[in-house]
Amino acid sequence: MSNGKFGIYGGQYIPETLMHAIKELEIAYNNFKSEKQFNNEFKSLLDEYAGRPSRLYFAKNATEELGGAKVYLKREDLNHTGSHKINNVLGQTLLAKKIGKTRVIAETGAGQHGVATATAAALLNMECEIFMGEKDIERQSLNVFRMQLLGAKVNAVKSGTRTLKDAVNETMREWSRSVDYTFYVLGSAMGPHPYPQIVRDFQSVISKEIKEQLFEKESKLPDVVIACVGGGSNSIGAFYNFINDKEVKLIGCEAAGKGIDTFETAATIAKGKIGIFHGMKSYFCQTENGQIAPVYSISAGLDYPGIGPEHAHLHDTRRVEYIPVTDDEAVKAFEFLSKTEGIIPAIESAHAVYYAMQLAPKMVKDAIIVICISGRGDKDVDMILKYKGANHK
Amino acid sequence: MNRITEIFKNNKVLITYLTAGDPDILKTEEYILSMASNGSDLIEIGIPFSDPVSEGETIQNAMGRALSKNINLDDIFNIVFNVRKKSDIPLILMTYLNPLLFYGYGRFFKSCKEVGVNGIIICDMPFEEQEEVKCFADKCGIIVITLIAPTSNERIPILTKQAEGFVYLVSSLGVTGVRNKITTDIKTMATEIKKITNLPIAVGFGISNVSQAKEITKYVDGVIIGSAVVEIIERYKDHAAFKLAEYVSDIKKAITVGSKIL
């Protein structure tokens, strides 16, 4: 059996204690992914419960304002629970149920994946525990309350940088304690094989719909698809069905924090080196001694020192271009989209919006840019207010 | 027979762990020597890593203390180099893959050989990924220790077949750390492993006291004690040598066959 590589990236770099479970998952997934009943149940959950297909919206005001390419927004923010995370979570929780696990655990950064997991657990009647960095709990307290309301237990992670990376560490530790009855619902297209593949498959509905919807509206492929990249789940979902359409330019926007020339950044492709961490070989931000570097971004969801292995491969093969976007730039885009379109995007998604704002005016008027709005920004309003107070008073 | 397997020839074996650089480099040397001359048969030296996902809080914190003093791999090779001037006790490095990849696998194992490291345990490198380092380790004669977990089940034969040195049997699910009770059926697992290999078996994870060590060594050839040693170092900091000597010698006496101590 292959251990799941994308070029040289990926693999299964985990302790022996977890190998049995990961092999079990690999076998189960290979069985269920082609099973008709599983796919029908999954599709029904996506459509009836999560509200798919999500809209592909022509952003007329933004297009006029930017004065170039037509801008379309893939509205993953309109899904139930307010982000793309629900797509993957419904798939994995259904899979967990099928293989007889009674409890799900998950890491969360901004809280979107935690909320989605707590939601799916409530729906499918599973016990649920979420691990979230203490620092992220402070920046995203509303989401903590949402998870608790949904019946999940939220554990504050106090180790390391107290952010997403440490939440993953702690979830892996908990998984190794309770692996016999617990399923780890991994939130991003990362971790040991088969997770990067599972998450990509469950999220690829995004690019499948973009393709169909745009064809209906414009009878052609987009010229550019832009998405933000932390671990890389909404982006791999938005890119996947376009990878073989070489004429479609794919752009991932990673979090540059206060700038890639500072230490307060999370731009893995710009700053990282090849490493092995969280079960996979990929690019990671590291110190000069091969320790995982503390990273920073205004966005809790992008505040992660690595990137999924398929992205690392797509970077090396130059199929996808990765662009760093700073906090300041993302905040500008956050405000731009709110004012021009009446759509408040997640601060994560705002990273992608910013680059589209740069690109659109340079393109001809019948060109098409699709931006994946991975989530809604209500969770960020409080933090943006504080950020602006601190930076512009 | 290699140096590691050799120590199991005559009696039950005590393996103790400490984290390199906790509380500092010189003390690590001193504590290794103190344990070596008071009953430890083999010492496992942990290479600090920023995100040790197999470790419980005790070892996480020890690695944090060591890293706060900027310890690096060259410092650790120096520790081994200095210990080797005074002791021939087998030494195993315990690590995660990333610091090795960053340093360069070839360079890493060459340094291991030069300073006198005998083996290595890589927590996040299962059998399926061992080609990552195996050829470099083999070339330098560094033994890669195989871990078998309570969940290994049908994997036991394949893991055991390629093991060398000794088999590290993980006593419990979860991460490192002192446990009051070990619930895994060590006896049955040891029997399974013994059917396939003549290699000695040592059990680690959660063992901290004389009675646990005595009970476990009824079924296997040795015990590995980590967090309990690190707790002593955490508590006594610069002055742990005597306490470590006392602790190690108590455990060693207790597991030595024919010993009258309970």
>> Which trypsin sites (Lys or Arg not before Pro) in the range A:223-264 sit in a loop by DSSP (not H, G, I, E or B) and have at most 12 other Cβ atoms within 10 Å of their own Cβ?
In response: A:LYS246
>> Checking the a/c ratio against 1.5 first, then a/b against b/c, what shape does the Cα gyration tensor give for the protein assembly as shown?
In response: prolate
> When the Karplus curve 6.51 cos²θ - 1.76 cosθ + 1.60 is applied with θ = phi - 60°, which whole-Hz ³J(HN,Hα) does each residue of the range A:238-250 get, with x for Gly and Pro?
Replying inline: 6, 8, 3, 6, 10, 4, 7, 8, 4, 6, 8, 7, 10
>> Would you work out the Kirkwood radius for the range A:259-393? I mean one over the mean of 1/r across all pairs of different Cα atoms, in Å.
In response: 16.2
>> Once you keep just the Cα pairs under 8 angstrom separated by 6 or more residues, what percentage relative contact order results for chain B?
In response: 24
> With each run of n ≥ 4 DSSP H residues scored as -39500 (n - 2.57), what mean residue ellipticity at 222 nm is computed for chain A after dividing by its residue count and rounding to the nearest 500 deg cm²/dmol?
Replying inline: -13000 deg cm²/dmol
> Under a 5 Å amide H to amide H cut-off, with H placed in plane at 1.01 Å, what residues pair with B:GLU55 once short-range neighbours are removed?
Replying inline: B:THR176
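Tell me the trypsin sites (Lys or Arg not before Pro) within the range B:1-68 that lie in a loop according to DSSP and have at most 15 other beta-carbon atoms within 10 Å. Can you show the working numbers first?
Working: sites: B:ARG3, B:LYS9, B:LYS12, B:LYS27, B:ARG65; in loops: B:LYS9, B:LYS12.
Listed in order of number, the matching sites are B:LYS9.
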> Using every alpha carbon pair in the range A:117-230, what percent of pairs falls into each 10 Å bin from 0 up to the bin containing the largest distance?
Replying inline: 12, 33, 33, 15, 7, 0
> In peptide B:120-127, what is the residue-averaged number of other protein chain Cβ atoms found within 10 Å of each Cβ?
Replying inline: 5
> With each label point set 7 Å from Cα along the Cα-Cβ vector, what nm distance links A:THR262 and B:ASN78?
Replying inline: 3.4
> Using the per-residue mean of other Cβ atoms lying within 10 Å as a proxy for protection, in what order, highest first, do the peptides A:168-175, A:310-317, B:135-142 fall?
Replying inline: A:168-175, A:310-317, B:135-142
> Taking θ as phi - 60°, what are the ³J(HN,Hα) couplings along the range B:228-236 by the Karplus curve (6.51, -1.76, 1.60), each to the nearest whole Hz, with x for Gly and Pro?
Replying inline: 5, 5, 5, 5, 5, 5, 4, 6, 9
> Distance from the Cα centre of the range A:110-141 to that of the range B:227-241, in angstrom?
Replying inline: 38
>> Out of the trypsin sites (Lys or Arg not before Pro) in the range B:164-247, which ones are loop residues according to DSSP with at most 13 other C-beta atoms within 10 Å?
In response: B:LYS181, B:LYS218
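Return the Rg/Rh value of the range B:3-256, two decimal places, where both radii are evaluated on C-alpha atoms and Rh is the Kirkwood radius.
Value, to two decimals: 0.93.
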>> Taking beta carbons within 10 Å but only from partner chains, what does the mean come to for residues B:47-58?
In response: 6
> What list of ³J(HN,Hα) couplings, whole Hz, do you get for the range B:110-125 from phi and the Karplus terms 6.51, -1.76, 1.60, once you set θ to phi - 60° and write x for glycine and proline?
Replying inline: 5, 5, 3, 5, 4, 8, x, 7, 9, x, 8, 10, 10, 4, 10, 10
> Using the alpha-carbon centroid of each, what span in Å lies between the range A:36-53 and the range B:69-128?
Replying inline: 51
> Taking K and R as +1 and D and E as -1, what net charge do the other residues with C-beta under 11 Å from the C-beta of A:ARG139 add up to?
Replying inline: -2
> If you build a Gaussian network model of chain A, linking Cα atoms that sit under 10 Å apart, which residue out of A:LEU95, A:LEU56, A:LEU66 swings the most?
Replying inline: A:LEU66
>> Between the range A:254-308 and the range A:178-199, how far is it from one alpha carbon centroid to the other, in angstrom?
In response: 21
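For A:ASP327, A:ASP382, give the ranking by accessible area with the largest first, probe 1.4 Å. Before the final figure, lay out each step's value.
Values: A:ASP327 5, A:ASP382 90 Å².
My answer, sorted largest first, is A:ASP382, A:ASP327.
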> How long is chain A along each principal axis, judged by its Cα atoms, biggest number first, in Å?
Replying inline: 57, 48, 42
> Per-residue ellipticity at 222 nm for chain B, helices alone: DSSP H runs ≥ 4 residues times -39500 (n - 2.57), over residue total, nearest 500 deg cm²/dmol?
Replying inline: -12000 deg cm²/dmol
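The values are calculated or read from the model by the stated rules, or taken from the named source; none is laboratory data. Please read all numbers here as calculations on a predicted model, not as lab measurements. No Cβ is skipped: glycine too gets one built from the backbone with ideal geometry, and neighbour counts run over all protein chains shown. Quick note on the areas: whole protein, heavy atoms, side chains included, nothing else; ligands and nucleic acids left out. Shrake-Rupley method; radii C 1.70, N 1.55, O 1.52, S 1.80 Å.
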